[in-house]
Amino acid sequence: MENCETQSEKLAEHKAKSLTPRATWNYSLDQIRRDTAGYGEDDRRLLAECFLFCIQEGIAFREFCQKIKYDHTTVMRIYRGTYTNPNTGEKYGIPANMAKGMRAFLDMERKRQALGTTEFVETPTARRIFTACELGKESGTPVFLWGASHIGKTFALTQYSRTHNHGRSPYVRIRPARGLAGFLETLAGALGVSSNDKRDALIARIKKAVNGIALLIFDELHELNLTSRPYTYFQALETIREIYDETGTGMVLCGTEMFETSIMRERNGVLEQLFRRGVHQIKLPPHPTKGDVAAILKAHGLEFPEKSMTVQVKRVTEQPYEILRSLARENGLKSITERIRYARKLGGGVVSWESFTAAHLYILAQRMATSDWE
């Protein structure tokens, strides 16, 4: 038996060398919960956290083992629940050195992750989004969150998912035009569940994986409205309601005004069951607020400009306040942060209102088409 198991493990390792990072993890979250049922709760939670982090960030199984400085065969057996006392069959828990390495891995990788991404600024709108997440977690209910595009919803939700609840707040980004099957595949992927099952079996596995999660974050739910078959939108939302009812896991259901309109229109119809469970309904501003913009500017060394302030760049006089107001109302936060980024480049690493205005004028100039015949 031992020789067969060893050969199986060697074969799995050989196959893993040609697989994607996700495929090297030959597990699903629901299977991990099942196979580690005999472990202590802290051990089970740590195993699930590392698994979810690695599949979300594209870290292969063997690379994970190297990072925690532990033999991959032992780690494999622990995840499968086959690391046992050969005489009694009793399951061993996670060895102390391995647990220490796993916690150090999560801590280091999350710090590295934060340094390697665009700097997150906690704006007033971001704080409202964080509050929505906390309400969902604390109340154990669905929280409806809706607002316009390009006000920082996705950035804040992904930041919360990465930095809160020790990785137990999976973020699910909905994709358009994929129907119920595509929705379930997306959800399964975020939870580390294999989607190679028929619908009912897959939903059952998803429910098992959701148990033990602090918060489930759904973003861009309005995209479900863009399916080729409109009724699949309601099927997907009904599936969310079913998962909630059976697991009691808090959720954040986020989308644009399109999502809000459909929910409010059907709150006494096909979506009544879901709507009545969502006590907290949070409406975000229609565009970035002054407070949002001021927080971002301050993070880059700029004070929010007075209305009367003017800046001259190559004989062109502009008012930074009016630039910001127009960009915030018409284009959103990205148009402002991109000008800040380019201003830093123009300013040799320093952002000033002169370099910001120059960046703004340069971006506007790219829209103009000229002919060399004139």
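Evaluated against (1) over 27 Å from S28 (Cα atoms); (2) surrounded by 20 or more Cβ atoms within 10 Å (Cβ to Cβ), P124 falls short on exactly one condition, (2).
Of all residues in the range 150-199, those satisfying the criterion of being of a type in the set (V, I, T) and closer than 25 Å to M108 by Cβ are T158, T163.
Suppose the filter is β-branched (V, I, T) and assigned to a helix (DSSP H, G or I); does I240 pass it?
On the way: β-branched (V, I, T): yes; assigned to a helix (DSSP H, G or I): yes.
For I240, the condition - β-branched (V, I, T) and assigned to a helix (DSSP H, G or I) - is met.
Of everything in the range 1-40 that's under 16 Å from E63 (Cα atoms) and of a type in the set (G, A, S), which residue is modelled with the lowest pLDDT? Per the criteria, the residue is A16.
Figure legend. Inter-residue proximity from the range 302-323: first residues at negative phi, second residues of a type in the set (D, E), beta-carbon distance below 6 Å, spacing 6+ or different chains. Indicated pairs: V311/E318; V311/E354. Against the list (1) in contact with a strand residue (DSSP E or B) (Cβ under 7 Å, 6 or more places away or on another chain); (2) loosely packed, with under 14 Cβ neighbours inside 10 Å, the condition K345 fails is (1).
Select from the range 91-102 the residues that are among the charged types (D, E, K, R) and either assigned to a loop (DSSP other than H, G, I, E, B) or under 21 Å from Q31 (Cα atoms) (or both) and list them in ascending order. Working first, answer last.
Just the residues of the range 91-102 that are among the charged types (D, E, K, R), to begin with: 91, 100.
Listed by number, the list holds a single entry, K91.
Applying the criterion of being aliphatic (A, V, I, L, M) and buried (at least 18 other Cβ atoms within 10 Å of the Cβ) to the residues of the range 148-176, the residue that is farthest from L226 (Cα to Cα) is A156. Criterion applied to S355, S371 was being assigned to a loop (DSSP other than H, G, I, E, B) and of a type in the set (S, T, Y), and the one residue passing it is S371.
If you go through the range 327-338 one residue at a time, do you hit one that is touching a Pro at 6+ places or on another chain (Cβ under 6 Å) and small (G, A, S)? Reasoning before the result, please.
Of the residues in the range 327-338, the ones touching a Pro at 6+ places or on another chain (Cβ under 6 Å) are 328, 333.
From what's left, small (G, A, S): 328.
Yes: one or more hits.
Looking across the range 358-368 at every residue that is assigned to a helix (DSSP H, G or I) and out of contact with any Phe, Trp or Tyr (no Cβ under 6 Å at 6 or more places or on another chain), the one that is surrounded by the most Cβ atoms within 10 Å (Cβ to Cβ) is identified as H360. Restrict the check to the range 84-93 and report whether at least one residue is aromatic (F, W, Y) and either modelled with pLDDT under 90 or at positive phi (or both). Yes, the range 84-93 contains a residue that is aromatic (F, W, Y) and either modelled with pLDDT under 90 or at positive phi (or both). Being hydrophobic (A, V, I, L, M, F, W, C) and outside any helix (DSSP H, G or I) is a property that holds for L302.
Just one residue in the set T74, T82, T88 is part of a helix (DSSP H, G or I) and either surrounded by fewer than 17 Cβ atoms within 10 Å (Cβ to Cβ) or of a type in the set (A, V, I, L, M) (or both); that residue is T74. The sole residue among S262, S335 that is part of a helix (DSSP H, G or I), over 30 Å from V351 (Cα atoms), over 21 Å from the mean Cα position of the chain (by Cα) and among the small types (G, A, S) is S262.
Filtered by the rule that a residue be in a helix (DSSP H, G or I), at pLDDT 90 or above and of a type in the set (A, V, I, L, M), the range 54-69 gives a lone residue, I68.
I'd like the residue in the range 236-284 that is more than 22 Å from S149 (Cα to Cα) and either outside the structural domain of E185 (by TED's automatic domain parsing) or among the basic types (K, R) (or both) and, out of all such residues, is surrounded by the most Cβ atoms within 10 Å (Cβ to Cβ). In this case the residue turns out to be R241.
Restricting L224, L202, L180 to residues that are outside any loop (DSSP other than H, G, I, E, B), of a type outside the set (D, E, K, R) and free of Cβ contacts under 8 Å to residues at least 24 places away in the same chain narrows the list to L202.
The values are calculated or read from the model by the stated rules, or taken from the named source; none is laboratory data. None of the values given here were measured: they were computed from a predicted structure. Note that we place each Cβ from the backbone using ideal geometry, even for glycine, and neighbour counts take in every protein chain shown.
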